[in-house]
Amino acid sequence: MRRLGAHRFFAGDTRRREPAVLFSCPIGRPGGPPAQGGRAPAKNRNFIFHYPFAGTPCFLLNLGKPTKPSAQLKTRDEQTYEWPGGVGAGHSIVAYSAICAHRLTYPTREISFISYRGEKSAGSRFAQVIHCCSEHSQYDPAEGAKVLAGPAPQPLAAILLEHDPTSDGLFAVGTWAGSCFNEFFSKYESASPSITAGMPARSSRPAA
Ligand code: FES
């Protein structure tokens, strides 16, 4: 399995050109087995997991086709980074923060204004995009979640994945462009105690 370097940074630190390598977290349903690259998630389905914090939702997507091998992207403060492409046997599995980079809309159990959509819709002129219907930002999951349309000032934060071909397991190991997390907690912490229930302090090692 490919191992990333030993750098360990706080996820919100976008001044660094290296990824924020936080900890290795097997991806799976709560209480269930880890997601298996190539078998789960099903193609074009939204699979939600939480990383790097217990209160920060992410999309795990199997796009059903290889992504771009890599993408050169920029954060809202003009820091460049290279997204390393999809993982798994078909290079089709990707993960991104599900927190919109515009005004931090995020999915809940009750309702989701932001999700991956395989088809075009009234508010989206693109198919196979992550679409936030708050103000219609659209992101391309096959190219690092770069912004295709709408007011979002930067791509969604990318979750770095490792795929273990021996076990077919998937692991979240870090983030790119994750500066939204502090802003997210500042905006919602007091309004929604469920976001922080059971989660560790933000400045400490996130929950596995
Ligand atoms: S919050 Fe997503 S487009 Fe505005």
Quiz item: Any idea of residue 129's accessible area? Nearest 10 Å², probe 1.4 Å.
Solution: 0
Quiz item: In nanometres, what is the gap between the two model label sites at residue 167 and residue 186, each 7 Å from Cα along Cα-to-Cβ?
Solution: 3.8
Self-check item: Nitroxide proxy distance, nm - points 7 Å out along Cα→Cβ at residue 45 and residue 134
Solution: 2.7
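The values are calculated or read from the model by the stated rules, or taken from the named source; none is laboratory data. Bear in mind the structure is a predicted one, so any value in this text is a computation, not a measurement. Heads up, the Cβs are rebuilt from the backbone with ideal geometry, glycines too, and the neighbour counts pull from every protein chain shown. Ligands, DNA and RNA are excluded from the accessible area calculation, which covers all protein heavy atoms including side chains. Shrake-Rupley method; radii C 1.70, N 1.55, O 1.52, S 1.80 Å.
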